[in-house]
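Enquirer: Handing you a structure now.
Please treat every number below as a calculation from the coordinates, not as lab data. Since this is a predicted model, take the numbers as computed values, not measurements. A quick note on method: Cβ atoms are made from the backbone with ideal geometry, for glycine too, and the neighbour counts reach across all protein chains shown.
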Amino acid sequence: MYLKQRRRVFWDWSDSELHNRCHDGLLSDGGQIDVQVRTSRTGAVQLFVGAYDGEGSMLFEEYYKERPGESMSTALAFGVGRAMTLTSTKLLPLPSTARLGIYRKA
């Protein structure tokens with residue numbers, strides 16, 4: 001395993017005082033996905049989705065301030081699917097989704 005090189009989106013999202021669940025997955029090319037879900041202080045389900053290459057460099061990070069109507073389990077499953085889709089197809093995330101920010105490796 002390698003050390004992930006986190007960027008601003010992750011650190012803006014991070015709050016160690018909130019209960020969260022996570023899913024780490026290894027990709028066939030040696031990269032890794034990191035999906036985390038939590039409940040905010042106001043009760044909103046929030047989601048972080050990140051992917052990193054085989055050396056730990058960020059491919060993309062995004063987070064959703066809320067996932068209305070979703071449980072933590074449902075949001076986590078959505079995030080894993082999103083990470084797998086973006087890493088397997090090399091798609092750029094759409095700017096119309098509910099995330100607050102996206103940063104991709106140049």
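Enquirer: Viscosity 1.567 mPa s, temperature 4 °C: give me the Stokes-Einstein translational D for the stretch 1-53 in µm²/s, with Rh taken as the Kirkwood radius over C-alpha pairs. Please report the intermediate quantities before stating the final value.
Expert: Details: Rh = 12.0 Å.
Diffusion coefficient, whole number: 108 µm²/s.
Enquirer: Okay, moving on. Compute the distance in nm between two label points, each set 7 Å from the Cα along the Cα-to-Cβ direction, one at D29 and one at S57.
Expert: Using points 7 Å along Cα→Cβ, the separation is 1.1 nm.
Enquirer: Okay, next question. Going by amide H atoms built from the backbone, whose H comes under 5 Å of the H on K65, apart from near neighbours?
Expert: Amide H neighbours of K65, under 5 Å, 5+ apart: L100.
Enquirer: Sticking with this structure for a sec: Please go through the stretch 1-70 and write out the GluC sites (Glu not before Pro) that DSSP classes as loop and that have at most 15 other C-beta atoms within 10 Å. The partial results should precede the final answer.
Expert: Details: sites: E17, E55, E61, E62, E66, E70; in loops: E17, E55, E66, E70.
Here the GluC sites (Glu not before Pro) that fit, given the DSSP loop and packing criteria, are E17, E55, E66.
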